[in-house]
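> The structure's right below; bear with me while I get my questions together.
The values are calculated or read from the model by the stated rules, or taken from the named source; none is laboratory data. Values in this document were obtained by computation on a predicted structure and should not be read as measured data. No Cβ is skipped: glycine too gets one built from the backbone with ideal geometry, and neighbour counts run over all protein chains shown. Accessible surface is based on the protein model in full, side chains and every heavy atom, while ligands, DNA and RNA are left aside. Shrake-Rupley method; radii C 1.70, N 1.55, O 1.52, S 1.80 Å.
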Amino acid sequence: MKDRAKRFKDTLERYINYRGIDIILTLKDGTVIELDKNRKMNGDIVIKNGDFGIEAEIEISSIQKADFFAA
């Protein structure tokens with residue numbers, strides 16, 4: 001299970017660094033968050049930046065799935 005979580009984190013981090021890919025995260029509580037191009041990872045936290053600073057900080061453990069789309 002830890003190996004699967006590490007692979008998910010590594011894959012998510014790699015795609016977060018690609019600016020040509022849109023990412024939609026579905027959280028375990030059912031919330032859907034679309035990450036725009038202004039995003040980054042800090043350890044186990046995905047940070048969504050907006051016009052006025054940080055809009056959301058999402059822990060990887062709260063993510064149910066991530067969908068990746070070529071922009």
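> What FRET efficiency would be calculated for the residue pair residue 18, residue 52, taking the C-beta separation as r and a Förster radius of 22 Å, to the nearest 0.05?
Efficiency, rounded to the nearest 0.05: 0.35.
> In nm, what is the difference between 0.36 nm times the number of residues separating residue 59 and residue 34 and their Cα-Cα distance?
That pair, residue 59 and residue 34, stretches by 7.5 nm at full extension.
> Using a 1.4 Å probe, what is the accessible area per residue for the stretch 1-70, in Å²?
Accessible area per residue, the stretch 1-70: 69 Å².
> With a 1.4 Å probe and every protein chain kept in, tell me what percent of the accessible surface of the chain is carbon plus sulfur.
About 49 percent, which is the carbon plus sulfur part of the accessible surface.
> May I ask for the angle, rounded to the nearest 10°, between helix 2-17 and the longest principal axis of the chain, with both axes built from Cα atoms and the value confined to 0 to 90°?
20
> Only Cα pairs under 8 Å and at least 6 apart count here; give the relative contact order of the stretch 1-70 as a rounded whole percent.
32
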